[in-house]
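Enquirer: Input: one structure, supplied below.
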Amino acid sequence: MINIVLFGPPGSGKGTQAQNLIEKFNLKQISTGDLFRFNMKNDTELGQLAKSYIDKGELVPDQVTIDMLTDELKKPCDAQGFIFDGFPRTANQTEALENIVKEILNSDINVCLSLIVEDQVLVERLLKRGKTSGRTDDSNQEIISNRIKEYYAKTAEVAQLYKQQGKYVEVNGVGAIDEISEKLFAEVEKIK
Ligand code: ADP
């Protein structure tokens, strides 16, 4: 089994690259952002709760997010492993993920692949995406700035934790999509 944490600030291209990785290695992507958006679209209780945070560019509370991810991981599937996209986003979630993967999959996180993109490029990409995505959190600069602020305040430390475990790999997230994918593929090949 290969279990990958795809890491990086909002707009760094995690969703795009996850798509290429799942096809190449037959993995299942679990995106907490997508799961929240699905719940918001269907106006579930979880969706309403998540919306109150997401629309401000804040993180949804840990336990809510961890419970949602646990439920998703319990669903049967025949993939060769998982890509976690947008999770973990806090130190607490990082520890939770390790435990959940052990308990449910009897496995480990193999690598944290981190996409590096400077802030100015992130803002440009997110504003551009906002024109077509219909995502309220991409719609204005203030919310986007808050998401990037949350990233540095709460999420950046996740990188430190994977560094300590020797599982952290940085990849330049600026350039052609396929070139970035090739670099990510090469890193996955190393741990296969
Ligand atoms: P992006 O990476 O572009 O910010 P996502 O789709 O991953 O977009 O996440 C959108 C929003 O969903 C985040 O700003 C946050 O409010 C919420 N969210 C997603 N994943 C998590 C998480 N692991 N913990 C807390 N909140 C999350």
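Enquirer: Counting other C-beta atoms within 10 Å, which of Thr44, Thr136, Thr94 has the fewest, and how do the rest follow?
Expert: Ordered by Cβ neighbours within 10 Å, fewest first: Thr44, Thr136, Thr94.
Enquirer: Could you list Ser145, Ser12 in order of exposure, starting from the residue whose Cβ has the fewest other Cβ atoms within 10 Å?
Expert: Starting with the residue having the fewest Cβ neighbours, the order is Ser145, Ser12.
Enquirer: Using only DSSP helix segments of four residues or longer, with each worth -39500 (n - 2.57), what per-residue ellipticity at 222 nm results for the chain after dividing by its residue count and rounding to 500?
Expert: Value at 222 nm, helices only: -17500 deg cm²/dmol.
Enquirer: Given the pairs Lys131/Lys190; Lys56/Lys192; Lys56/Lys167; Lys14/Lys128, which are separated by over 28 angstrom at their Cα positions?
Expert: Lys131/Lys190; Lys56/Lys192; Lys56/Lys167
Quick note: the coordinates plus some simple rules give every number you see, no bench work behind them. None of these values were measured; they are calculated from a predicted model. All Cβ positions, even for glycine, are placed from backbone atoms using ideal geometry, and neighbour counts span all protein chains on display.
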